[in-house]
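Student: The structure is given below, and queries will be raised subsequently.
The values are calculated or read from the model by the stated rules, or taken from the named source; none is laboratory data. Only a predicted model underlies this, so the values are computations on that prediction, with no experimental measurement involved. All Cβ positions, even for glycine, are placed from backbone atoms using ideal geometry, and neighbour counts span all protein chains on display.
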Amino acid sequence: MPAKYHIPVRRVPPRFTPLAKNTIIDWNEGCLRCTRCVKEMCPVDAYKKRGFDPRQFVDTIDTICRDCYRCVQGCPRELVFKALNPQYRQLGDAYWTPEIIGTTWLQAETGKIPVSGAGYGGVFAGEGFDSFWTDMSEIVRPTRDGIHGREYISTSIDLGRKPMFLVFDNQGELMFQPPPLMELPLPVILAEPAVGSDPQRFRQILAAAAQTLGTVAILDRKSISPELAGAAASLTPLFPAGDLDLNDPLLSQVRSVELTDYPEVIRRMEALKKQYPRLLVWIKVPADQGAPDRVAALTAAGAGVIHLAASDQARGVGDAAEIHLKDLIRRCHLKLVENQLRDAVTLLVSGGIGLAEHVAKAIICGADGIIADTPLLLALECRLCRQCKSGQKNPCPIELENLNVKRGAQRMVNLVGAWNNQLLEILGAMGMREVRRLRGEVGRAMFKEDLDKEIFAPLFARPEGEARRVGE
């Protein structure tokens, strides 16, 4: 049995005061001057430890408070109450919500799974990844508990072309050279997001995190500076369409490269394989309406790893802008199954993967692994204000240019460690001992659209010929 994969998480306190969801408002007017003020009875001494952060103009008590509401309920004149923090509500956008950003901050700081004792108070179902649920029917079996070490659960995946059958000679030897494979200890690959105030510092942090995690980071070839050469084995350079030099010295140092899809991509892939036989070649395909057919065609032509790239809102691109990533993954997966090619290729997906549950759900839909980008920037305390892309010379609110590489890499490692532990919990609750079995297992999930069609639609269907009543 292989050694158990371990991610070295370690608490890294934030450099800036995080914006809390709720804020405390306490008035002094009308105070009765009680002998024992409710503020003095705070179980975490929030009122004694509070301060003021002049850089962000925030009261630090909001991050110390643990929402027990003892002070709110105990004040006889009701001079203490909690309200939604308006600064928190302004974080991110409609997709990268304040809740996603806040959860990412916490995981990057602690490396632990976020737990809410109050339970889930949101809507029953939503869009995209929130429109289906995973089957936890084995959750009563503690022996499947991989996170606590009682039983081994593998999260490793293999990248590369797999032969559909084997041919042996009379001596029992393979009659062909097996294609190269790359084994990653977890189904998460790192990448640079489209935003960021100091790309070069971020790339240094990204490369260091990829080395620690044992995975790889995708970076544009032109952005890989000589100072990143030491991390070449953990990097996957991305070459834009038609921009590939077969004599690039980096090609002999890396384990894989990514080519942007274009009409001549197969020819370039074959040239790469001929000159560098042990090099894995990935092909990046835009997640548009033609993606399923294109993925199948590339696989039939010999592609070993395909990267399906969606928008950062987990939507398709071009003519598929209204289709969610989960549906595009399922279409590509089923197209490969229909063509009897699914086991021959590795399918990676990117775009809008923001939470640990998105990793498991993308794999359930048919992906082999995911590519994370924006959450890695959030792990560095980014507010996602997008000032760095506004064209103005505004300073970065989190001063990314001053972030120590080792500190930033540890926060990325903490985030991925928390994601990996949640993936282990899901696999354990499903009774699965390896993440490879999760790929395409839609039978272990419940999709809202299917439930509406199969269960609820018949309940509200009208008998044939029955007229609609007035007022309905």
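Student: Can you pull out the residues in the stretch 232-258 that are under 17 Å from GLY160 (Cβ atoms) and in contact with a Pro (Cβ under 9 Å, 6 or more places away or on another chain)?
Tutor: Matches in the stretch 232-258: LEU251, VAL254, ARG255, SER256, VAL257, GLU258.
Student: Under the condition of being hydroxyl-bearing (Ser, Thr, Tyr) and part of a loop (DSSP other than H, G, I, E, B), which residue from the stretch 183-215 is farthest from LEU427 (Cα to Cα)? So that I can check it myself, show each step before the final result.
Tutor: Residues of the stretch 183-215 hydroxyl-bearing (Ser, Thr, Tyr): 197, 212, 215.
With the extra rule that they be part of a loop (DSSP other than H, G, I, E, B), the set shrinks to 197, 215.
On the way: SER197: 37, THR215: 20 Å.
Out of the qualifying residues, it is SER197.
Student: Report yes if ASP293 is among the acidic types (Asp, Glu) and either buried (at least 20 other Cβ atoms within 10 Å of the Cβ) or without any contact (Cβ under 8 Å) to a residue 40 or more places away in the chain (or both), otherwise no.
Tutor: When the stated conditions are applied, ASP293 does not pass them.
Student: Search the stretch 50-106 for residues being among the charged types (D, E, K, R) and in a strand (DSSP E or B), and hand back the single one that is modelled with the highest pLDDT. Quick ask: steps written out before the conclusion?
Tutor: Here is the first cut: in the stretch 50-106, the ones among the charged types (D, E, K, R) are 50, 53, 55, 59, 62, 66-67, 70, 77-78, 82, 89, 93, 99.
Next cut, in a strand (DSSP E or B) only: 53, 59, 82.
Working: ASP53: 78, ASP59: 80, LYS82: 87.
Per the criteria, the residue is LYS82.
Student: Would you confirm whether any residue within the stretch 143-155 is aromatic (Phe, Trp, Tyr), surrounded by fewer than 11 Cβ atoms within 10 Å (Cβ to Cβ), modelled with pLDDT under 90 and in a loop (DSSP other than H, G, I, E, B)? Working first, answer last.
Tutor: Here is the first cut: in the stretch 143-155, the residues aromatic (Phe, Trp, Tyr) are 152.
Still in the running and surrounded by fewer than 11 Cβ atoms within 10 Å (Cβ to Cβ): none.
The answer is no, given that none of the residues of the stretch 143-155 is aromatic (Phe, Trp, Tyr), surrounded by fewer than 11 Cβ atoms within 10 Å (Cβ to Cβ), modelled with pLDDT under 90 and in a loop (DSSP other than H, G, I, E, B).
Student: Still on this structure, please answer the following. Whether any residue in the stretch 407-420 is more than 20 Å from ALA191 (Cβ to Cβ) and surrounded by fewer than 20 Cβ atoms within 10 Å (Cβ to Cβ) is what I want to check.
Tutor: Yes, the stretch 407-420 contains a residue that is more than 20 Å from ALA191 (Cβ to Cβ) and surrounded by fewer than 20 Cβ atoms within 10 Å (Cβ to Cβ).
Student: Looking only at the stretch 246-261, count every residue that is surrounded by fewer than 14 Cβ atoms within 10 Å (Cβ to Cβ) and farther than 21 Å from ALA231 by Cβ and tell me the total.
Tutor: 2
Student: Can you report the number of residues in the stretch 172-187 which are touching a Gly at 6+ places or on another chain (Cβ under 7 Å) and over 14 Å from LEU235 (Cβ atoms)?
Tutor: Total satisfying the criteria: 5.
Student: Filter the stretch 176-224 down to the residues that are surrounded by fewer than 20 Cβ atoms within 10 Å (Cβ to Cβ), small (Gly, Ala, Ser) and either within 20 Å of CYS396 (Cβ to Cβ) or not assigned by TED's automatic domain parsing to the domain that holds GLU381 (or both) and list them by number.
Tutor: Of everything in the stretch 176-224, those that are surrounded by fewer than 20 Cβ atoms within 10 Å (Cβ to Cβ), small (Gly, Ala, Ser) and either within 20 Å of CYS396 (Cβ to Cβ) or not assigned by TED's automatic domain parsing to the domain that holds GLU381 (or both) turn out to be ALA194, SER223.
Student: Okay, next question. Pairs under 9 Å by beta carbon, first residue modelled with pLDDT of 95 or more in the stretch 236-264, partner in a strand (DSSP E or B) and basic (Lys, Arg), six or more apart or different chains?
Tutor: Once the first residue is modelled with pLDDT of 95 or more and sits in the stretch 236-264, its partners that are in a strand (DSSP E or B) and basic (Lys, Arg) give LEU238/LYS284; GLU258/LYS284; LEU259/LYS284; THR260/LYS284; ASP261/LYS284.
Student: Having 1 or more residues that are touching a Phe, Trp or Tyr at 6+ places or on another chain (Cβ under 9 Å) is the bar; report the helices (runs of 4 or more DSSP H) wholly within the stretch 287-401 that clear it.
Tutor: Qualifying helices (runs of 4 or more DSSP H): 325-338, 356-365, 374-378.
Student: Mind checking which residues of the stretch 107-137 are within 16 Å of the chain's Cα centre (by Cα), modelled with pLDDT of 85 or more and not aromatic (Phe, Trp, Tyr)?
Tutor: GLN107, ALA108, GLY111, LYS112, ILE113, GLY128, ASP130
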